[in-house]
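The values are calculated or read from the model by the stated rules, or taken from the named source; none is laboratory data. Just so it is clear, the structure is predicted and the values come from calculations on it, not from any experiment. Quick reminder, even Gly has a Cβ in these numbers, built from the backbone with ideal geometry, and neighbours come from all protein chains shown.
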Amino acid sequence: MIVLLTTVPGIEDLVIDEVREKLGGKVVHAEVFGESNVTGKVLVQLKNVMVDELKQLGTVEHVVLILDEGVVSKSLDSLRDCIWKLRMDELLNYYTPSTSLGIDVDRSGDHEFRSPDASVILGDRITEFLGSIGLRPIFNLDNADLVMRLIIDGNRCIFGLSITRKSLRSRPYRVFNHPAAINPIIANAMVRLLNPKPYTRVCDITCGSGTIVIEGSLSRHDLVFLCADIDYGYVKGAVGNAKEAGVDSFIDFIVMDSTMPPIRDKSCNYAVFNPPFGIRMEPVEGVPKLYRALFNSLNYLLDRGSVFVLITIRKALVRRLAKEYGFKIVNERVVEQGGIWSSIFTIAKD
């Protein structure tokens, strides 16, 4: 079995790490798919794996079962040639005369054709193939039973079947949604980047609806988390989400102003948080003031040698504050978050 795993661009290596960690010897090969290392796609060859195992991966958004692969150049003719050579036989393992089909094309690279061109040609190819065995396809662009995926990156053309009807980022535990909730996939990745030692306390000082601490608790049962926010309604929502996820016993919840935390110094071994980006914050001067106050709090909450991870678009501000407070930036990773390129910083307190 070969599958394409889609994710947030920028965390492809973490997907590979999770796949190897959870599936172990079932992984034959794993690589980032595409001409760059930031494509949001990972190609994995597996053996003896159940579909449900793939749906449990916390850093993955969609799973595509690969049916065939071809080679394409820039021209429309090469695209038509590639698509017409794709093997369609495996489609019959999932298709019935009453099954509706959808087509989704993802194209990257320098080509003379567009994604809609590829969609039309693939639709014609599927129609021709099914017609050759006396079947007439039913296409449904909005809510298909089977979604056929065509992924084109440079000169590679991959044809597959989506085995996730909806995005895996839609976590079932989210009964309460913060208006600026972080993508759970990014939250999961942030805890992985933090990599805390067992039996330590991890604090989220701007926890909102609790996504980061819940993702951490689901993946690590050897940690204790603190979920703190200034808004009582958000903390109450976070409690409800954690109960829905079955991890509320691993998390302490507190309503507090994290710029003036009413808890003892050195109470956190690690911190991981998603501070407000400040896009809607007025006046604009409030952004550096807030971040400065949070960095000052971390200076007291964290012990020497502690590490914290945060995500933000305020990259220059974080670099400046880290230097000012004597923190060391261990790593800066660029990821796509809601169409915005943000940085995940891993920072150590010397």
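Observations on the model:
- Applying the set (1) over 24 Å from the mean Cα position of the chain (by Cα); (2) of a type outside the set (S, T, N, Q); (3) within 27 Å of Lys289 (Cα to Cα) to Tyr199 leaves exactly one unmet item: (3).
- Taking first residues from segment 96-124 that are assigned by TED's automatic domain parsing to the domain that holds Ser78 and under 16 Å from Gly160 (Cβ atoms) and partners that are surrounded by fewer than 15 Cβ atoms within 10 Å (Cβ to Cβ) and β-branched (Val, Ile, Thr), the Cβ contacts under 7 Å between residues at least 6 apart in sequence or on separate chains come to Leu101/Ile138.
- Top-ranked residue of segment 228-266 - restricted to ones that are of a type in the set (Gly, Ala, Ser) and either over 25 Å from Pro172 (Cα atoms) or within 24 Å of the chain's Cα centre (by Cα) (or both), ranked as surrounded by the fewest Cβ atoms within 10 Å (Cβ to Cβ): Gly246
- Scanning segment 154-163 for residues that are assigned to a loop (DSSP other than H, G, I, E, B) and in contact with an Asp or Glu (Cβ under 8 Å, 6 or more places away or on another chain) gives a single hit, Gly154.
- Among the criteria (1) crowded, with 17+ Cβ neighbours inside 10 Å; (2) free of Cβ contacts under 8 Å to residues at least 60 places away in the same chain, the one His62 does not fulfil is (2).
- Selection status of Leu101, in contact with a strand residue (DSSP E or B) (Cβ under 8 Å, 6 or more places away or on another chain) and more than 21 Å from Glu12 (Cβ to Cβ): yes
- A single member of Tyr291, Tyr270 is of a type in the set (Ser, Thr, Tyr), in a strand (DSSP E or B) and either at pLDDT 95 or above or in the same structural domain as Lys197 (by TED's automatic domain parsing) (or both), and it is Tyr270.
- Within segment 65-88, not a single residue is small (Gly, Ala, Ser) and more than 14 Å from Cys157 (Cβ to Cβ).
- Annotation: of all residues in segment 106-120 being surrounded by fewer than 18 Cβ atoms within 10 Å (Cβ to Cβ) and farther than 21 Å from Leu5 by Cα, the one that is modelled with the lowest pLDDT is Asp110.
- Taking the criterion of being in contact (Cβ under 8 Å) with a residue 24 or more places away in the chain and assigned to a helix (DSSP H, G or I), the residues of segment 194-235 that qualify are Leu194, Thr211, Ile212, Val213, Ile214, Glu215, Gly216, Ser217, Leu218, Ser219, Tyr234, Val235.
- Of all residues in segment 314-350, those satisfying the criterion of being loosely packed, with under 15 Cβ neighbours inside 10 Å and either under 16 Å from Val272 (Cα atoms) or in contact with a Ser or Thr (Cβ under 8 Å, 6 or more places away or on another chain) (or both) are Lys315, Lys328, Ile329, Val330, Asn331, Glu332, Val334.
- Residue match in segment 134-153 (condition: in a loop (DSSP other than H, G, I, E, B), under 30 Å from Leu76 (Cβ atoms) and basic (Lys, Arg)): yes
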